[in-house]
Amino acid sequence: MVSNHVQDLIDRYGTDGSTVPKALTDYVLARKFYDYDEHSRVGAKHGEFVTDEICDRFCVLGTTDQIKAKLKELQGVGVDHPTAAGFVDGGAQGWDEQGRPGSVSYRESELSRFASGPVFLYLGRFTAVKRLPLLIRAHARLARPCPLVLVGGHPGEWEGEHPLETIRRVAAEQVFLAGWRPHEQLPHALNAADVLVLPSVAEAFGLALVEAMACGLPAIACASHGPAAIVRKTS
């Protein structure tokens, strides 16, 4: 099934390795056909070209240390999938009440919280209508700890309680401030997350929801105004 997407990349960018790593595309050349009647089925005949060597090359399974080693190996051949921890740490644009980008940063021990569990993502401004304090308080009450990354908030612009103050007040150790980022970086954040959350109850449209769904992310939003028309329980 994944080979379909790789074939799309080959058709668009070629196989010379200048854009898509040859280590990623070479194995697809041995594919002879794809039978959608056996889509994603174990033992499908169209998957015979995928050898144990290919699985060992690209599958990321094992202990935390083994997974880290495999990701470094894949990165070495040009396969670099964004991670939420890398996005938060790489930009270092989080800001505190002084409004200075980079004034909020995280130690490696804190970033290790991204090693397990789903990653929730918020994209947007730090205005009162977004209800970020409510989101942070609700997230802190989850039975299973998992990271929440707040991307956005133009430096120095916020209404009501600053998110960092809420984080301190409720000891929300799983909430991370990634800061304001240019629009071209947002797909990296979306592809590194598992779920988008938008707690606003007065959202006229909800562009972040559409962008998240375009990246294949499920979304959690309030059933009012724009988001109520975008997010459906059955789809």
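A short reminder: the numbers here are calculations on the coordinates, not readings from a lab. These figures come from a predicted structure and were not determined experimentally. Glycine gets a Cβ as well: all are built from the backbone with ideal geometry, and neighbour counts include every protein chain shown.
So the values come out like this:
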quantity: Value in Å of the Kirkwood radius, where the range 132-235 supplies the Cα pairs that are averaged; calculated: 14.6
quantity: Peptides 129-137, 92-100, 8-16 ordered by average Cβ neighbours within 10 Å, highest first; calculated: 129-137, 92-100, 8-16
quantity: Aspartates and glutamates whose Cα lies under 14 Å from that of LYS32, excluding same-chain neighbours fewer than 8 positions away; calculated: GLU48
quantity: Straight-distance crosslink candidates among aspartates and glutamates, where the alpha carbon sits under 16 Å from LYS45 and sequence neighbours closer than 8 are dropped; calculated: ASP35, ASP37
quantity: For the range 84-230: relative contact order, % (alpha-carbon pairs under 8 angstrom, 6 or more apart); calculated: 26
quantity: Sorted by Cβ neighbour density within 10 Å, fewest at the top, the residues GLU165, GLU173, GLU108, GLU211; calculated: GLU108, GLU173, GLU165, GLU211
